[in-house]
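The values are calculated or read from the model by the stated rules, or taken from the named source; none is laboratory data. Quantities reported herein were computed from a predicted structural model and do not represent experimental measurements. Methodologically, a virtual Cβ is constructed for each residue, glycine included, from the backbone with ideal geometry; neighbour enumeration extends over all protein chains shown. These accessible areas exclude ligands, DNA and RNA; they are computed on the full protein's heavy atoms, side chains included. Shrake-Rupley method; radii C 1.70, N 1.55, O 1.52, S 1.80 Å.
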Amino acid sequence: MHPNPNFRKTNPAAAIAFARARSFGILTASTEGAPLLAHIPFLLDEGGTEAQLHLARSNPIARICTEAPLPVTLAVSGPDGYVSPDWYGIDDQVPTWNYVAVHLTGLLHPLPADALPRMLAAQSAAFEDYIPGKAPWTMDKMTAETTDRFMRMILPFRLQVTDLHSTFKLNQNKPDAVRQRAARHVQDGFGMELEQLSDLMRAPPQDG
């Protein structure tokens, strides 16, 4: 998380809404060596207190989270992009990089295998719903053989969220007119999902 408090005042409800809409992140767990990371889809509840997710049985995090809850952080990244000092329209500025990130920290609980079908059905239904004009895919379109093989390969988990941190670094430390000028330029610059980043810069989420 960025240390500048100007970028960390976003209302928790806005951070939760962002993470729920994103539904994809990097699950991290500490070990004696380098941290373990897994790139995963998830479903976060409306209150931001619990996330449902699954991991491949062979995933290192799944291998160490078999009985007792495991402390983890789920990092959810949003749009990001380079901001050139020339775009501010004022003198004596420095380059920076704007971005959005939400960190959900808590305990990862292994779930019984019979929780998996319901979890996968809920995930696929939620993600299919984002696709306009398409008849939703459902799990009953798989053969019994494929379903059985699929279920053996993955394991269900529940993330109990105990802490939430977010950074919405959108030039809030600049005067409004200056931030708006940069927002107009950033979508033609370098980064990812620059149009969405530009929109967020024009109207940053309210402070908490």
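About the centre of its Cα atoms, the chain shows a dipole size close to 100 debye [charges on the beta carbon of Lys, Arg (+1) and Asp, Glu (-1) only; nearest 20 debye]. Given +1 at the Cβ of Lys and Arg, -1 at the Cβ of Asp and Glu and no other charges, the dipole of the range 91-208 around its Cα centre is 100 debye to the nearest 20. Angle, helix 176-186 long axis vs. longest principal axis of the chain, Cα atoms, 0 to 90°, nearest 10? Helix 176-186 sits at roughly 60 degrees to that axis.
What you get for the range 134-203, charging only the Cβ of Lys and Arg (+1) and of Asp and Glu (-1), is a dipole of about 200 debye around the Cα centre. Sorting Ile131, Ile61, Ile26, Ile16 on solvent-accessible area from highest to lowest, probe radius 1.4 Å, gives Ile131, Ile26, Ile16, Ile61. Backbone phi angles across the range 123-136, fed through the Karplus curve with coefficients 6.51, -1.76 and 1.60 (θ = phi - 60°), yield HN-Hα couplings of 5, 5, 5, 5, 6, 4, 5, 6, 8, x, x, 10, 5, x Hz in residue order; Gly and Pro are listed as x.
Quick check on the chain: helices-only [θ] at 222 nm, where DSSP H runs of length 4 and up contribute -39,500 (n - 2.57) each and the sum goes over total residues. Nearest 500, please.
It lands at -8500 deg cm²/dmol.
Take the alpha carbon gyration tensor of the range 69-208, find the square roots of its eigenvalues, order them as a ≥ b ≥ c, and report rounded if a/c is under 1.5; if not, report prolate when a/b exceeds b/c, else oblate. It comes out prolate by the Cα gyration axes.
Using DSSP to define loop residues, name the GluC sites (Glu not before Pro) in the range 35-127 whose beta-carbon has at most 10 other beta-carbon atoms within 10 Å.
For GluC sites (Glu not before Pro) across the range 35-127 that sit outside H, G, I, E and B with at most 10 neighbouring Cβ atoms in 10 Å, the list reads Glu46, Glu67.
In the context of the full set of protein chains, the chain has a per residue accessible area of 55 Å² (1.4 Å probe). Would you mind classifying the range 165-204 by shape? Square roots of the alpha carbon gyration tensor eigenvalues, ordered a ≥ b ≥ c; an a/c under 1.5 is rounded, otherwise it is prolate if a/b is larger than b/c and oblate if not. Oblate, since a/c reaches 1.5 and b/c is not below a/b.
So if a site counts as exposed when it's one of the trypsin sites (Lys or Arg not before Pro), its DSSP state isn't H, G, I, E or B, and it has at most 16 other Cβ atoms within 10 Å, what's the longest stretch of the chain without one?
By the stated rule (loop sites, at most 16 other Cβ atoms within 10 Å), 58-133.
Against the chain, whose longest principal axis is taken from its Cα atoms, helix 144-153 shows a tilt of about 60°. Taken along the Cα-to-beta-carbon direction at a fixed 7 Å, the label points for Thr146 and Asp114 span 2.7 nm. Surface composition of the chain: carbon and sulfur make up 55 percent of the accessible area, probe 1.4 Å.
Within the same chain, lysines fewer than 8 places from Lys169 are excluded, and of the rest, those with a Cα less than 23 Å from its Cα are Lys9.
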